[in-house]
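Only one structure is covered here, and it is reproduced in the block below.
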Amino acid sequence: MTRFAVIGLDHRHVYEMTEELIAAGMTCAGYWPETSDPRVLQGFQNRFPDLPAVTDRDTLLEDPSIGVIVIGAIPRDRAALAMTAMRNGKDVMSDKPGVTTLAQLADLERVIAETGRIFSICFSERFQVPAVGAALRLVEAGEIGRVVQTVNLAPHRLNRAIRPAWFFEKDAHGGILCDIGSHQIDQFLVFTGSEHTEITSSTTGSFGDLPALGFENFGEIVLSSERARGYVRVDWFTPDGLATWGDGRLVVLGTEGTIELRKYIDVEGRPGTDHLFLVNNAGTRHIDCSGEPLTYFRAFAADVRDRSATAMPQQHVFTVCRLALQAQAQARHVVLPGGVPNPGPVA
């Protein structure tokens, strides 16, 4: 049975990563309690009261009985932690984004080649959303023909009062397209089967009454490949009146139909999460996907055991990271003032 340790309690995604790996049959050997946000640490301890805290990080990294390191650190620190773990013979599961610079990505690729270890990024908007897995199976079954476009809308709630200082520092998270946008690039690639993808255009924005000077709260990407086109919009504008952190939507356009996902809420509609709407030549259907199994974590556990790559091909990780970094680097930045309603058309 594979043992894992958790290093970097700086983002709440680490809760689900830990929980799902335990459910997949792994054993958590402990965690390093260092954090930039005591609320994240407290939440982790509340969820996992029986897990031991290990105050010396190197004890976890050097323990030969530990096979996997789970990383939820500040994004700029994740690549360095991952490389240290791999040089100590560990496989790695990181929260997104796994890297924040192209230099980090180049170093990471070299260390992976040298060590033969697995570096996987938990793209939670795919791997922890049952509706996405169901949609992929429908695509693979030919229910909407050949996929020609994806439209991915990913609004998020800012929750300004509970964000740590690094959240508003661009060099800490790499920018909105590097961070959130990596989710949507991942989904474009898997739904379209694209091998050669380019960033056609990208934009970042600082809109409205900014919570911090220069903070990017809007972003968009247009992607093109040999097979399809894609559009991505990410933002931090989810209002407090919504019952969840964001109304994430994915529309997959095929030559013979469409699939629309309302991942987290069906506004003024059916209760719960993971709503899938299928439209094809046979008619229209609503499919409740909330009971669909999550497969990524068990596949990752099997890959660690069997030295395989069923959860996520290593090259896919590199491609997503590279495209997200390119989108961020070449983005046109737009600043729009806030506080005054749009005046409407001129008479």
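The values are calculated or read from the model by the stated rules, or taken from the named source; none is laboratory data. Because the structure is a prediction, the values reported are computed rather than measured. A quick note on method: Cβ atoms are made from the backbone with ideal geometry, for glycine too, and the neighbour counts reach across all protein chains shown.
Among the residues of segment 117-162, what is the count of those that are under 27 Å from Y15 (Cα atoms) and not in a helix (DSSP H, G or I)?
17
Being at pLDDT 95 or above and assigned by TED's automatic domain parsing to the domain that holds I69 narrows it down to one residue among E114, E140; which is it?
The match here is E114.
Find all pairs meeting these conditions: Cβ atoms under 7 angstrom apart; at least six residues apart or on different chains; first residue within segment 39-59 and surrounded by 15 or more Cβ atoms within 10 Å (Cβ to Cβ); second residue assigned to a helix (DSSP H, G or I) and not charged (D, E, K, R).
G43/Y15; F44/V14; F44/Y15; F48/T18; V54/L60
Output the helices (runs of 4 or more DSSP H) that fall wholly within segment 165-263 and possess 2 or more residues being modelled with pLDDT of 95 or more and touching a strand residue (DSSP E or B) at 6+ places or on another chain (Cβ under 6 Å), or say none.
Hits in segment 165-263: 176-179, 181-192.
When you scan segment 71-85, how many residues do you find that are of a type in the set (V, I, T) and in contact with a Leu (Cβ under 9 Å, 6 or more places away or on another chain)?
Residues that pass the stated criteria total 2.
Of these, G30, G8, which one is at pLDDT below 95 and at positive phi?
Sole residue among the options that is at pLDDT below 95 and at positive phi: G8.
Give me the residue from segment 96-106 that is surrounded by fewer than 24 Cβ atoms within 10 Å (Cβ to Cβ) and not hydrophobic (A, V, I, L, M, F, W, C) and, out of that set, farthest from T59 (Cα to Cα). If you could, list the steps in order and put the result at the bottom.
Filtering segment 96-106 down to residues surrounded by fewer than 24 Cβ atoms within 10 Å (Cβ to Cβ) leaves 101-106.
Keeping just the survivors that are not hydrophobic (A, V, I, L, M, F, W, C) gives 101, 104.
Details: T101: 28, Q104: 25 Å.
Step by step, filter segment 96-106, then rank; the result is T101.
If we keep just the residues of segment 275-307 that are without any contact (Cβ under 8 Å) to a residue 12 or more places away in the chain and within 26 Å of V251 (Cα to Cα), which is surrounded by the fewest Cβ atoms within 10 Å (Cβ to Cβ)?
G283
Does F191 satisfy the criteria of being in contact with a helix residue (DSSP H, G or I) (Cβ under 7 Å, 6 or more places away or on another chain) and free of Cβ contacts under 8 Å to residues at least 60 places away in the same chain?
Taking the combined requirement at face value, the residue does not satisfy it.
On the basis of being surrounded by 19 or more Cβ atoms within 10 Å (Cβ to Cβ), among the small types (G, A, S) and either more than 30 Å from R3 (Cα to Cα) or at pLDDT below 95 (or both), does G272 make the cut?
No.
Looking at E34, E19, which is the one that is exposed (fewer than 15 other Cβ atoms within 10 Å of the Cβ), in contact with a helix residue (DSSP H, G or I) (Cβ under 8 Å, 6 or more places away or on another chain) and closer than 21 Å to F167 by Cβ?
Being exposed (fewer than 15 other Cβ atoms within 10 Å of the Cβ), in contact with a helix residue (DSSP H, G or I) (Cβ under 8 Å, 6 or more places away or on another chain) and closer than 21 Å to F167 by Cβ holds for just one of E34, E19, which is E34.
Scan segment 146-188 for residues that are without any contact (Cβ under 8 Å) to a residue 12 or more places away in the chain and acidic (D, E) and jot them down.
E169
Just for segment 202-228: of the residues that are over 18 Å from R157 (Cα atoms), of a type outside the set (A, V, I, L, M, F, W, C) and in contact (Cβ under 8 Å) with a residue 60 or more places away in the chain, which one is surrounded by the most Cβ atoms within 10 Å (Cβ to Cβ)?
Step by step, filter segment 202-228, then rank; the result is S202.
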